[in-house]
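Taken together, the values in this text are just the output of simple stated rules run on the coordinates, not laboratory data. Just so it is clear, the model here is predicted, and its values are computed rather than measured. Counting neighbours? That spans all protein chains shown, and the Cβs are built from the backbone with ideal geometry, glycine included.
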Amino acid sequence: MKVTVIGTGYVGLVAGACFADFGFDVTCIDKDESKVAALRAGTVPIYEPGLTEIVGRTQTNGNLHFVSAYQDAIPNADVIFIAVGTPTKDEGGSADISAVIAASEELAPLLRGCTVIATKSTVPIGTGQRLDALFRSAAPDADVAIVSNPEFLREGSAVRDFVEPDRVVIGAEADWAASTMRALYRPIEDRGIPVLVVDRATAEISKYAANSFLATKIAFINEVADLCEQAGGDVRSVADAIGLDTRIGNQFLKAGPGFGGSCFPKDTRAFVSSSERLGIRQRVVSAAVHANEARKLHLVQRVADACDGDLSNARVAVLGLAFKAGTDDLRESPSLFMVPELVRLADEVRAHDPVAMPVARDTFTGVHYGETVDECLDGADVAVILTDWPEYRELDPKMLAGTMRRNVIVDLRNMMDADTLEAHGVSVVGIGRREPV
Ligand code: NAD
């Protein structure tokens, strides 16, 4: 079976490389020619553990190809995945599917024979129907089925998530298209992983519902954390106490700086707006979106409070810029809001991230980067932990105490060993727990 994947970002490249590793003949298209040239030369432009090895292996064995021209990969394809970005539109919160439409319009005249076109991009409810109409008009003679095949992988563990997902969801209206898709996922289904074949609208809704539910869990525990700070509880223990209830589950119950990344913020907004277009109000998810927005302001104030309310003479060290550990992705990271605010308020801001600094350098102004964590912390009044990179947990308390000026850590990920640090004279301000008096 010949597979074409349009878009070589976190989703398209991982899907393309993994399908090639299953043994299929895969061609990935990207309109960004420099990306295609880099990939052909074996350079993977994103940070994703394990991906470079699979891309190398499958290019060498001839299963994986990269092109920038649609005509080189569309006519012979049995299945075409669309995996381009669907960011939030500037106004209203709905998803911008112009890249999905552009890709569809470009591929339509090149179709030959019987083809499944599967949306891997996260698209608003009803997009499958809209694409049906587009292909009926742009390729009236082609035998095409539009399928929704949402992707649930997480950046940082994308390869593992793709190969060992909790489930695969295929939303198809035609039986032949469902069977073709199922054949692609056979190596996964053969390992006992559920492959759910549903109608297209169900698949589209499932993706938004999954991300909205997880984001709501995070927004919820963050408000429990606020309560703990006032009432004297510890949110980590509350999360354990409720998370051990199997009806609740212990994941996505870590209080922190709020949800970010390329999916949760935009998908919650799009879920609300695409429901509203159908006359349905999503009150619960709307509240989670608003709670998450409000949180960012509140946390900048926490950093100022750690310096007696005034950062104007303070040197702030920001540890972690990516929206979570394991990725170089800055999209909707809490750092995008917090770093410019800190630059505005503080005397000096230094920053460090193990993998996101190249992207950060093109993003932030007024920030000095420390090549090492020690360099970033040198002479800092306050250190703010924004990303849960494991190496920050391993920082030597003696080094911290000897390097910083004021010895205060604002740990927005609740990841540091506060007792040990405090024993070395470093005070730790966490999330959702009463500070020592
Ligand atoms: P990305 O921005 O990393 O990559 C998109 C790629 O598509 C880019 O390389 C871009 O050059 C290319 N592209 C754009 N328009 C094109 C066109 N017309 N023709 C060819 N190439 C084109 O995006 P991503 O993070 O991989 O996300 C893709 C989709 O998958 C989004 O809808 C996203 O919501 C969804 N998704 C993302 C994740 C994630 O963790 N990143 C997880 C699940 C689902």
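For segment 296-304, what does the Karplus curve 6.51 cos²θ - 1.76 cosθ + 1.60, with θ = phi - 60°, yield as ³J(HN,Hα) per residue in whole Hz, taken in order and with x for Gly and Pro?
4, 4, 4, 7, 5, 4, 5, 5, 4
Sequence-distant or interchain residues sharing an amide H contact under 5 Å with VAL318, placed H: which?
Correct list: ARG350, ALA351, HIS352, VAL384.
Using modelled backbone amide H atoms (1.01 Å from N, in-plane), which distant-in-sequence or interchain residues come within less than 5 Å of ASP411's amide H?
The list, which skips near neighbours in sequence, is ILE385, VAL429, GLY430.
Once the piece of chain linking ASP310 and THR60 is laid out straight, how much longer is it, given 0.36 nm per residue of separation minus the C-alpha distance between them? Don't jump to the answer; show the numbers that get you there.
On the way: separation 250, 0.36 × 250 = 90.00 nm, distance 5.73 nm.
Answer, rounded to one decimal: 84.3 nm.
Taking only pairs that are 8 or more places apart or on different chains, how many Lys pairs in segment 199-437 have Cα atoms under 29 angstrom apart?
The number of close lysine pairs in segment 199-437 is 17.
Nearest 10 degrees, 0 to 90: what angle lies between the long axis of helix 98-107 and the longest principal axis of the chain (Cα atoms)?
Roughly 30 degrees, rounded to the nearest 10.
For a Förster distance of 25 Å, can you work out the FRET efficiency between the beta-carbons of GLU276 and ARG154, rounded to the nearest 0.05?
Working: r = 28 Å, r/R0 = 1.10.
In this case the efficiency is close to 0.35.
Put a dot 7 Å past each Cα toward the Cβ at LEU244 and ASP226; how far apart are the dots in nm?
The answer from the label model is 2.8 nm.
Between helix 10-21 and the chain, what is the angle of the helix's C-alpha long axis to the longest principal axis, kept within 0 to 90° and rounded to the nearest 10?
It is inclined by approximately 50 degrees.
Kirkwood hydrodynamic radius for the chain: how many Å is it when counted over pairs of different Cα atoms? Don't skip to the end; give the middle numbers.
Numbers: mean 1/r = 0.0429 Å⁻¹.
Kirkwood hydrodynamic radius for the chain: 23.3 Å.
Could you name the aspartates and glutamates in cross-link range of LYS31, using Cα to Cα under 13 Å and dropping any fewer than eight places away on the same chain?
LYS31 reaches ASP72, GLU106.
Set the Förster radius R0 to 35 Å, insert the Cβ-Cβ distance between ALA201 and GLU391 as r into 1/(1 + (r/R0)^6), and round the FRET efficiency to 0.05.
Numbers: r = 44 Å, r/R0 = 1.26.
The value I calculate is 0.20.
Per residue of segment 173-187, in order, report the coupling 6.51 cos²θ - 1.76 cosθ + 1.60 (Karplus, θ = phi - 60°) as ³J(HN,Hα) in whole Hz, putting x for Gly and Pro.
For segment 173-187, the Karplus-derived couplings read 9, 10, 4, 5, 5, 4, 5, 4, 5, 4, 4, 5, 8, 3, x Hz, x marking Gly and Pro.
What would the Debye equation give as log₁₀ I(q)/I(0) for segment 306-376 at q = 0.27 Å⁻¹, counting only Cα atoms as equal point scatterers?
Calculated log10 I(q)/I(0) at the listed q: -1.27.
If the chain between THR43 and ASP419 were fully stretched, how many nm would it gain, using 0.36 nm times the residue separation less the Cα-Cα distance? Before the final figure, lay out each step's value.
Numbers: separation 376, 0.36 × 376 = 135.36 nm, distance 4.32 nm.
Gain in length upon complete extension: 131.0 nm.
Separation of segment 217-274 and segment 325-378 by C-alpha centroid, Å?
Rounded to whole Å, the Cα centres lie 25 Å apart.
Where a Cα-Cα gap under 19 Å defines reach, which lysines qualify for LYS2, not counting those fewer than 8 residues away within the same chain?
In chain and number order, the partners are LYS120.
Rg and Dmax of segment 277-316, Cα atoms, in Å?
When restricted to Cα atoms, segment 277-316 yields Rg and Dmax of 16.8, 52 Å.
If you plug each phi of segment 55-72 into the Karplus form 6.51 cos²θ - 1.76 cosθ + 1.60 with θ = phi - 60°, what whole-Hz ³J(HN,Hα) values come out, in order, with x for Gly and Pro?
With coefficients 6.51, -1.76 and 1.60, one gets 4, x, 4, 7, 6, 5, 7, x, 8, 10, 10, 10, 9, 10, 9, 4, 5, 7 Hz.
Where in segment 218-236 is the amide nitrogen less than 18 Å from a point lying 7 Å along the Cα-to-Cβ axis of ASP166?
Within reach of a label on ASP166, which here means backbone N under 18 Å from a point 7 Å along Cα→Cβ, segment 218-236 contributes 218-221.
Taking the dipole about the Cα centre of segment 296-437, with the C-beta of Lys and Arg at +1 and of Asp and Glu at -1, give me whichever of HIS352, GLY430, PRO397 is farthest to the positive side.
GLY430
What distance in nm lies between label points placed 7 Å from Cα along the C-beta direction at GLU375 and LYS2?
Going from the GLU375 label point to the LYS2 one covers 4.9 nm.
Please list, ordered by chain and number, the residues whose modelled amide H lies under 5 Å from the amide H of VAL84; skip anything fewer than 5 residues away on the same chain.
It is SER121, by chain and number.
With both bridge residues required to lie in the chain, what share of the DSSP beta bridges run antiparallel, to the nearest 5%?
Details: 3 of 49 bridges.
The antiparallel proportion sits near 5 percent.
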